[in-house]
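Below is one structure, written out as C-alpha cells; comments come after it.
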Amino acid sequence: MCLESAGVFGMKLGDSGPFFETVNTRYDGDCPMNTDGGQLSVGQFNPAGASSSQQICESVRQIRGEGESQAARHDVGMWNA
C-alpha cells in the first residue's frame with residue numbers, strides 16, 4: 001500500500017498484487033526491498049529497531065555499498081516513516 005500511495009512504478013491503488021507476483025524483491029532480485037529482513041528480522045521483536053531510524057540506517061548502508069545483504073543497484077533508497 002505504501003508503494004501504491006507513493007506512486008512508485010506508476011502504480012495505482014490495487015496494482016501492487018500483480019507486481020509482487022511477478023517481481024523478485026529479494027536483496028539479490030530485480031527490485032530489492034527490506035534488505036535487512038524487515039520487521040520480522042529487526043523491528044517486530046526489538047522496540048529500538050521498530051522505529052524508522054532502522055530503515056534509514058539500512059538505506060544509508062545500501063547506498064554506501066555496506067549492506068549485509070547488499071543489493072546490486074544501490075544508488076536509490078526509500079523508506080516509509
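The values are calculated or read from the model by the stated rules, or taken from the named source; none is laboratory data. Being a predicted model, the structure only gives us computed values, none of them experimental. Methodologically, a virtual Cβ is constructed for each residue, glycine included, from the backbone with ideal geometry; neighbour enumeration extends over all protein chains shown.
Among the residues of segment 3-14, is there at least one that is part of a loop (DSSP other than H, G, I, E, B), surrounded by 14 or more Cβ atoms within 10 Å (Cβ to Cβ), at pLDDT below 90 and of a type outside the set (S, T, N, Q)?
yes
Does segment 17-51 hold any residues that are in a helix (DSSP H, G or I), at pLDDT below 85 and surrounded by 12 or more Cβ atoms within 10 Å (Cβ to Cβ), and which are they?
Going residue by residue through segment 17-51, those that are in a helix (DSSP H, G or I) are 17-22, 39-43.
Checking the rest, the ones that are also at pLDDT below 85 come to 39-43.
Result: Q39, S41, V42, G43.
Tell me, which residue of segment 52-81 that is surrounded by 14 or more Cβ atoms within 10 Å (Cβ to Cβ) and among the small types (G, A, S) is modelled with the lowest pLDDT?
Filtering first and then ranking leaves G77.
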